[in-house]
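K.L.:
Quick one: the structure is below, and I'll ask about it shortly.
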Amino acid sequence: MSGEAGNPTTKSRGLVSVGVPSPRARVLRVVAVASLVIGVGLAVMVALKKTKVPDASVAPPRDVARLDGKWIRFSKEFALRAGIESAVVEQASLEPTISVTGAATFDPEAVAAVGARIAGRVRKVVKYPGDAVKRGEVLAELESAELGQAQAAVLSARAHVEAATANEAREKQLAEARVSSMRDFELARATAQATRAELHAAEQKVRALGGAGGGEIGVMALTSPIDGKVVELRASRGQSVEPSHTVFKVADIRSLWIELAVFERELGHVRRGDVVEMSPQTNTQMLVRGKVAHVGDIIDLDTRSAQVRVEIDNREEKLRPGQSVIARIHTQTAPLSVVVPRDAVTTVDGKATVFLVHEETAVEPRAVIVGSRDGTRVQIKQGLEVGERVVVKGVFALKSEVFR
């Protein structure tokens, strides 16, 4: 009995008593668990290999327009994002407006250069830049020895004329009284005529030198030949001047010319009498109107442009000579033609191009030949038909994505 009680595997009263597993059983159990874990891991690895996990470092493809043969295709989202809109090609009459630049200048009929006709020294300056002057008004006084000599010659000639005239009258009386011969009278008359001719020549010389009779000897007055303003003074008191020196410039700036540079390709649209609107480049809100007075006949080889002259009434003195202006020439109305909005035309490879709409998300780049323009539209001479549709908004987005 005692031997059975000490055995752990002994059955008692229908119950089984379980003891501690043997080392071999434990090893087998560990191996089984490890095999299960390894099997599950391999299964997970195989499943991961079969499943494609997106790489976060690879960006999704860009939604942009692309060139597909002759067409450009894009998505609706791109069209919405780029603001692409289209318009129908129409037939209409343009009022071409040419935008150019230019500068204000003097009207040659209203400007005068005043200078000394002889060498001299400035004695007195009477008028200065900005002063208004009338025709004949004194601007400055010059001292001139040459003028003094000419004026002295006039005085001497006048004295000779007086003496010769008196002698002529006396000889005439003596000849009529038969006290002297007729020959003496004729000689006296010839002498008087000669002295009068000398006086006339001396007075002409004084006038040619710019002098005036009755003034101070050797002093010449520089006077204004026109009404206007002194715009330049190129001498000061005490300065010596030569005949080639311009001392004053006087101008009437109530009338000005505007000289515009119009390119050769647009020159054919400009006609005499076309209305021109101009603004100073420093103040585009100011508006001055004039009309084309002359279209230049010569094309400048360097700029490929010609001068177009506009005459304006500048009594309000809105513009100054030399001032830069921006001008818009309103040319004569053109006949009916094929037109599109100006924003529809762009440049691709140096050619005027529009994007012709074929489908909601497909357009065709088409080269066209353009003509006249006005403020909002451009004439299409060749390349489009009335009724077709072209892109008018989002043109730059299409061009920048496809024609880089």
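The values are calculated or read from the model by the stated rules, or taken from the named source; none is laboratory data. Small disclaimer: the values here were computed from a predicted structure and weren't measured. Reconstructed Cβ throughout: ideal geometry from the backbone, glycine too, with neighbour counts over all protein chains shown. Protein only, heavy atoms only, side chains kept; ligands, DNA and RNA dropped before computing areas. Shrake-Rupley method; radii C 1.70, N 1.55, O 1.52, S 1.80 Å.
K.L.:
Could you list all residues from the stretch 70-107 that are exposed (fewer than 13 other Cβ atoms within 10 Å of the Cβ), touching a strand residue (DSSP E or B) at 6+ places or on another chain (Cβ under 8 Å) and more than 24 Å from Arg373 (Cβ to Cβ)?
P.N.:
The answer is Lys70, and nothing else.
K.L.:
May I pose another question? Can you name the condition, by its number, that Ala397 falls short on among (1) touching an Asp or Glu at 6+ places or on another chain (Cβ under 9 Å); (2) not in a strand (DSSP E or B)?
P.N.:
The number of the failed condition is (1).
This table checks each residue for (1) of a type outside the set (A, V, I, L, M, F, W, C); (2) free of Cβ contacts under 8 Å to residues at least 24 places away in the same chain; (3) closer than 30 Å to Glu242 by Cβ; (4) out of contact with any helix residue (DSSP H, G or I) (no Cβ under 9 Å at 6 or more places or on another chain).
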| position | (1), (2), (3), (4) |
| --- | --- |
| Ala87 | no, no, no, no |
| Ser93 | yes, no, no, yes |
| Ala110 | no, no, yes, yes |
| Val126 | no, yes, yes, yes |
| Arg135 | yes, no, yes, yes |
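K.L.:
What do you reckon, is Leu301 more than 17 Å from Val100 (Cβ to Cβ) and either among the charged types (D, E, K, R) or out of contact with any helix residue (DSSP H, G or I) (no Cβ under 8 Å at 6 or more places or on another chain) (or both)? Please lay out each step first, then the result.
P.N.:
Values: more than 17 Å from Val100 (Cβ to Cβ): yes; either among the charged types (D, E, K, R) or out of contact with any helix residue (DSSP H, G or I) (no Cβ under 8 Å at 6 or more places or on another chain) (or both): yes.
Taking the combined requirement at face value, the residue satisfies it.
K.L.:
Let me ask something else about it. Could you name every one of the strands (runs of 3 or more DSSP E) located completely within the stretch 181-287 that has at least 1 residues being touching a Phe, Trp or Tyr at 6+ places or on another chain (Cβ under 7 Å), open to solvent by 40 Å² or more (accessible area, probe 1.4 Å) and without any contact (Cβ under 8 Å) to a residue 60 or more places away in the chain? Quick ask: steps written out before the conclusion?
P.N.:
Working: elements: 219-223, 228-233, 246-251, 255-263, 275-280.
Qualifying strands (runs of 3 or more DSSP E): none found.
K.L.:
Taking the stretch 359-389 only, how many residues are in a strand (DSSP E or B) and either more than 26 Å from Phe263 (Cβ to Cβ) or not hydrophobic (A, V, I, L, M, F, W, C) (or both)? So that I can check it myself, show each step before the final result.
P.N.:
Pass one, the stretch 359-389, residues in a strand (DSSP E or B): 359, 362-367, 369-373, 377-382, 389.
From what's left, either more than 26 Å from Phe263 (Cβ to Cβ) or not hydrophobic (A, V, I, L, M, F, W, C) (or both): 359, 362-366, 371-373, 377, 379, 381-382, 389.
Residues in the stretch 359-389 being in a strand (DSSP E or B) and either more than 26 Å from Phe263 (Cβ to Cβ) or not hydrophobic (A, V, I, L, M, F, W, C) (or both): 14 in total.
K.L.:
Determine if the stretch 111-119 includes at least one residue that is under 40 Å from the mean Cα position of the chain (by Cα) and open to solvent by 80 Å² or more (accessible area, probe 1.4 Å).
P.N.:
no
K.L.:
(1) modelled with pLDDT of 90 or more; (2) in a loop (DSSP other than H, G, I, E, B); (3) open to solvent by 60 Å² or more (accessible area, probe 1.4 Å): which one isn't true of Lys291, the others all being true?
P.N.:
(2)
K.L.:
Sort out which residues of the stretch 147-180 are of a type in the set (D, E, K, R), open to solvent by 60 Å² or more (accessible area, probe 1.4 Å) and modelled with pLDDT of 80 or more, and write them in order of number. Give the derivation first.
P.N.:
Within the stretch 147-180, the subset of a type in the set (D, E, K, R) is 158, 162, 168, 170-172, 176, 178.
Applying the additional criterion that residues be open to solvent by 60 Å² or more (accessible area, probe 1.4 Å) yields 158, 162, 170, 172, 176, 178.
Across the stretch 147-180, the qualifying residues are Arg158, Glu162, Arg170, Lys172.
K.L.:
Considering the stretch 347-404 alone, what residues qualify as being open to solvent by 60 Å² or more (accessible area, probe 1.4 Å), within 16 Å of Asp68 (Cβ to Cβ) and in contact with a Lys or Arg (Cβ under 8 Å, 6 or more places away or on another chain)?
P.N.:
Selection gives Glu360 alone.
K.L.:
Is it true that Ala59 is of a type outside the set (Ser, Thr, Tyr), at pLDDT 90 or above and either over 30 Å from Gly268 (Cβ atoms) or surrounded by 13 or more Cβ atoms within 10 Å (Cβ to Cβ) (or both)?
P.N.:
Values: of a type outside the set (Ser, Thr, Tyr): yes; at pLDDT 90 or above: no; either over 30 Å from Gly268 (Cβ atoms) or surrounded by 13 or more Cβ atoms within 10 Å (Cβ to Cβ) (or both): yes.
No.
K.L.:
Report yes if Arg117 is modelled with pLDDT of 85 or more, charged (D, E, K, R), closer than 30 Å to Ala251 by Cβ and touching a Pro at 6+ places or on another chain (Cβ under 8 Å), otherwise no.
P.N.:
Values: modelled with pLDDT of 85 or more: no; charged (D, E, K, R): yes; closer than 30 Å to Ala251 by Cβ: yes; touching a Pro at 6+ places or on another chain (Cβ under 8 Å): yes.
Taking the combined requirement at face value, the residue does not satisfy it.
K.L.:
Using the structure shown, decide if Gly130 is touching a strand residue (DSSP E or B) at 6+ places or on another chain (Cβ under 9 Å) and buried (at least 16 other Cβ atoms within 10 Å of the Cβ).
P.N.:
On the way: touching a strand residue (DSSP E or B) at 6+ places or on another chain (Cβ under 9 Å): yes; buried (at least 16 other Cβ atoms within 10 Å of the Cβ): no.
The answer is no for Gly130.
K.L.:
Continuing with the same structure: Which of (1) closer than 30 Å to Pro225 by Cβ; (2) open to solvent by 50 Å² or more (accessible area, probe 1.4 Å) is the odd one out, the single condition Ser144 does not satisfy?
P.N.:
It is condition (2) that Ser144 fails.
K.L.:
Being open to solvent by 20 Å² or more (accessible area, probe 1.4 Å) and of a type in the set (Ser, Thr, Tyr): is that true of Thr303 here?
P.N.:
yes
K.L.:
In the stretch 319-332, is there at least one residue being of a type outside the set (A, V, I, L, M), closer than 17 Å to Thr376 by Cα, out of contact with any strand residue (DSSP E or B) (no Cβ under 6 Å at 6 or more places or on another chain) and surrounded by fewer than 16 Cβ atoms within 10 Å (Cβ to Cβ)?
P.N.:
Step one: filter the stretch 319-332 for residues of a type outside the set (A, V, I, L, M), giving 320-324, 328, 330-332.
Narrowing the set further to residues that are closer than 17 Å to Thr376 by Cα leaves 328, 330-332.
Subset that is out of contact with any strand residue (DSSP E or B) (no Cβ under 6 Å at 6 or more places or on another chain): 331-332.
Still in the list and also surrounded by fewer than 16 Cβ atoms within 10 Å (Cβ to Cβ): 332.
Looking for residues that are of a type outside the set (A, V, I, L, M), closer than 17 Å to Thr376 by Cα, out of contact with any strand residue (DSSP E or B) (no Cβ under 6 Å at 6 or more places or on another chain) and surrounded by fewer than 16 Cβ atoms within 10 Å (Cβ to Cβ), one finds at least one in the stretch 319-332, hence yes.
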